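Working notes, beginning with the structure itself.
The values are calculated or read from the model by the stated rules, or taken from the named source; none is laboratory data. Keep in mind the model is a prediction, meaning the values are calculated, not measured. FYI the Cβ positions are ideal-geometry reconstructions off the backbone, even for glycines, and counts take in every protein chain you see. For accessibility, only protein heavy atoms count, side chains too; no ligands or nucleic acids. Shrake-Rupley method; radii C 1.70, N 1.55, O 1.52, S 1.80 Å.
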Amino acid sequence: MRTLYIVTHPEATHHVEGVVGGWHDSQLTPAGIRAAVSIAQALRAQIPDGAEVELFSSDLQRALRTADEVAELFGVKLIQNRRLREKSYGEAGGRPQEWLDRRFVPPPAVGERMEHDEGVKDSETKAAWARRIYAAMDEILQSPCEHQIIVTHGGSLTFVAASWIKMPIESAGYASFRAPSGSINTLREDDFFHNRQVASLGDTLHLDSAQAARPHPRGTATS
């Protein structure tokens, strides 16, 4: 049984600052760092002691900081892969979200969606984004390791999952696998039929402990 644990990095500075993420190299917030610790602990609880584990991560700092917690707890080498980055929003990266919102051209309901021009200079098309994620996954899956952890981004999760179930890129224009920041998403392949499952999507139960550890101002309820 092969199992992939796809982690979407937790809260980063671009989330709280209201700016566009993409390739903008934002950092984890203090809350995000606490969540990263909880993610590592949750993965440790799911993966049998002594099992071989491989760890891959986007090279953006918010993903690497998350992966560092996992690497330390498991005692494994972290392998960076630039192709696991979030979608590039070109010149919008790091700008206020409302700046992008005013210029963004959404894809049509019917027609060409993968090569659609979103109206932002140097922004990746959905097709270019998908191709690099698929290529990263092809490389990762060449290893026979039964437990692989991949730290990536919320948007890129869609193409990680689509590539896992072998959805052709040209058919991925309407695909959307959504999960919150800091989630663990589990993909499995059985040894008999070699069917590939999206076994769980958007699991954030482990974040309860990170939230409980967050300091609260005096007099504030801690529900």
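Some points to look at:
- Converting phi to 3J(HN,Hα) with the Karplus coefficients 6.51, -1.76 and 1.60 and the offset θ = phi - 60°, the stretch 107-123 yields x, x, 5, 9, x, 6, 10, 6, 9, 4, 8, 7, x, 10, 4, 6, 6 Hz in sequence order, with x at every glycine or proline.
- With every protein chain in place, the stretch 149-209: carbon and sulfur % of accessible area (1.4 Å): 54 percent
- Shape call, the stretch 87-192: gyration tensor on alpha carbons, a/c limit 1.5: prolate
- Sparse-neighbourhood loop sites, GluC sites (Glu not before Pro) in the stretch 1-74 - DSSP loop, at most 16 other Cβ within 10 angstrom: Glu52
- Sorting 134-140, 4-10 by their mean Cβ neighbour count within 10 Å, with the most densely packed peptide first, gives 4-10, 134-140.
- Charge dipole (the stretch 26-146, unit charges on Cβ, about Cα centre) - positive-most of Leu43, Ala92, Ser123: Ala92
- For the stretch 80-151, the list of trypsin sites (Lys or Arg not before Pro) that fall in a loop by DSSP and count at most 15 other C-beta atoms within 10 angstrom reads Lys121.
- Ligands, DNA and RNA are left out, and with a 1.4 angstrom probe the accessible area of the chain is 50 Å² per residue.
- Environment charge at Ala199 (Cβ cut-off 12 Å; Lys +1, Arg +1, Asp -1, Glu -1): 0
- FRET efficiency estimate (nearest 0.05) - Cβ-Cβ, Gln142 to Arg44, R0 25 angstrom: 0.45
- Residue-level accessible surface for Leu207, protein heavy atoms, 1.4 Å, Å²: 40 Å²
- If R0 equals 45 Å, the separation of the Cβ atoms of Asp190 and Arg95 corresponds to a calculated FRET efficiency of about 0.50.
- Per-residue ellipticity at 222 nm computed for the chain from its helices equals -9500 deg cm²/dmol, with DSSP H segments shorter than 4 residues left out and the rest contributing -39,500 (n - 2.57).
- Counted charge near Arg44, where neighbours are those whose Cβ lies closer than 11 Å (Asp, Glu -1; Lys, Arg +1): -3
- Taking the accessible area of the stretch 1-62, probe 1.4 Å, and keeping the other protein chains in place, the carbon and sulfur fraction comes to 52%.
- Prolate/oblate/rounded label for the chain (Cα gyration tensor, a/c 1.5): oblate
- Computed magnitude of the charge dipole of the stretch 9-133 (debye, nearest 20; Cβ of K, R +1, Cβ of D, E -1): 120 debye
- Residues in the stretch 177-210 that a label on Lys166 would reach, taking backbone N under 12 Å of a point 7 Å out along Cα→Cβ: 193-197
- Label point 7 Å beyond Cα of Gln61 along Cβ direction - residues of the stretch 26-42 with amide nitrogen under 13 Å: 26-30
- Share antiparallel - DSSP beta bridges, the chain, percent rounded to 5: 50 percent
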